[in-house]
Amino acid sequence: MGKRIIPFVTSFTLLAVLACGSTGLGPATVTPGVNSVTIPALEMGLSSVPDEYRNIYDSISSNLDQVEAFLAGRGEGQFAGTTFGAELIIANGNRGVALLQPETMTAVQQFLDQLTLIGVGGVTLQIPDPLFNPDFPRSEEYIEFFREVVEQVRSRDLRLLIESGPAFADPQYSRVQYDWSHLTLDQFFQMRGDQLRLIAAELRPDYLSLGNEPGTQMMLTDLTFTIHDYLNFVSGVATSIDRSSGILLGAGAGSWEDPAYLEWLMEEPSLDFLNIHIYPLSSSRADFVERAAEVAAAARERGMRVVIGEAWLYKATAQEIDQFIPYQDVYARDVYSFWQPLDIRFIEAIVEFALDEQLEYVSFFWCGFFFSYLEYDETIRDLSPVELYLRLNQAQYANIVAGTLTETGRAYQALLDRMVDP
């Protein structure tokens, strides 16, 4: 698709979680009975879609119609072995030094408690380079922070996927600042490999993804590498990691990226799983969900596990994808509550996809929307993305503390409840 569409994990992470680590609020009050909420009809909110978003909304809804029709013809969705999770976005490494503030661990515990009440069986954690590099400031403190995060995850009997890639270079989107321009490609891959080996040794997750979204990595670092460069890096790191703890190693790409990445990775004997990211549904040239399903089926036939390490509905039309709409514009749309019917349909579709294709693990990325959106009105329509997300994360954190779910959060909870007690 090119390098200008980047629904990557780090792009707006800081905006989504900035307030959560700095409020100083106390432990969350968990609402008993939150598991019994009834979901209203999906038509809720349709009449409130603003005129300026109506064409985009209708186009994405039509794309979802196609996805649902495609999935309806593929299987019965009876597989019971998938672990469904969510992004532990509040502990995302792109928050940098904010993670090391004393109140951050309390916020992590609150967030994990609420995700557990929703019913997730696992979480995904992002640890970007170069946080664990010995030359990076406070690297030992970051390692200790993530050790404690892993302990909190384990104490709740949750599975853990760790993803790692280069930190976002723009200070608007990440507090982790690093100049990648002084590195050669070999030095970049060496740094990445060193951090991955350290993550494996120190944190021992259930799943460690060695590489994700190669196109995004090239955009973030301004380095260029071929598919074979990427495969050689992944293979070399995989064969150098001690797996005696039972850790599973994988790698992957976005469903919108060159499909050759996933096709080659599924042939790599050193990998245990293939990691697919799903954000945009399609361009005018390709259906990315169908592509992901074909890849997942092919990998499974080869005996390889498949995970969806990240997924969320990308609020852009196929035509906008073709035109490389800036990701900043797309994520600024995400904050509004009128998207909930589409977000719910996307979650339901990905859950059905996972069951049909017998996936090992699935994680939804922008899980702050399980707790709050912003109501669209004239007073906020002209705010910058930064201002929108500062308002949003304050509302999300307040609802995390209160144990209050949105319709999207309730829908995910209901899906998970039905799998426990069908």
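Only the coordinates and a few stated rules stand behind these numbers; no lab work does. Owing to the predicted nature of the structure, the values given are computational and were not obtained by experimental measurement. With ideal geometry, Cβ positions are generated from the backbone for all residues, glycine too; neighbour counts draw on all protein chains shown.
Below, the figures for the structure above:
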quantity: Ranked packing of 375-382, 252-259, most packed first, by mean Cβ within 10 Å; calculated: 252-259, 375-382
quantity: Sum of side-chain charges, GLU144 neighbourhood, beta-carbon under 12 Å (Lys, Arg +1; Asp, Glu -1); calculated: -3
quantity: Backbone HN-Hα couplings from phi across region 315-323 [Karplus 6.51/-1.76/1.60, Hz, Gly and Pro as x]; calculated: 7, 9, 7, 4, 5, 5, 4, 4, 8
quantity: Between region 371-388 and region 282-351, the alpha-carbon center distance in angstrom; calculated: 23
quantity: Convex hull volume per residue in cubic angstrom - Cα atoms of region 228-340; calculated: 136
quantity: Mean-position separation - Cα centroids, region 108-130 and region 177-253, in angstrom; calculated: 22
quantity: Theoretical gain in end-to-end length, VAL97 to LEU383 [0.36 nm per residue, Cα-Cα removed]; calculated: 100.3 nm
quantity: Normalised convex hull volume, region 127-171, alpha-carbon set, Å³ per residue; calculated: 84
quantity: Quarter of the Cα convex hull surface for region 209-293, i.e. its orientation-mean projected area (nm²); calculated: 6.1
quantity: Residues SER61, SER155, SER209, SER235 arranged by fewest to most Cβ contacts within 10 Å; calculated: SER155, SER61, SER235, SER209
quantity: Label corresponding to P(r) over Cα pairs in 10 Å bins from 0, in percent when calculated from the structure given, among [x] 4, 23, 35, 27, 9, 0; [y] 5, 21, 33, 27, 13, 2, 0; [z] 4, 16, 23, 24, 18, 10, 4, 1, 0; calculated: [x]
quantity: Inter-site label distance for SER61 and ASP135 at 7 Å from Cα along Cβ, in nm; calculated: 5.4
quantity: Pair SER155, GLN323: separation of 7 Å Cα→Cβ label points (nm); calculated: 5.1
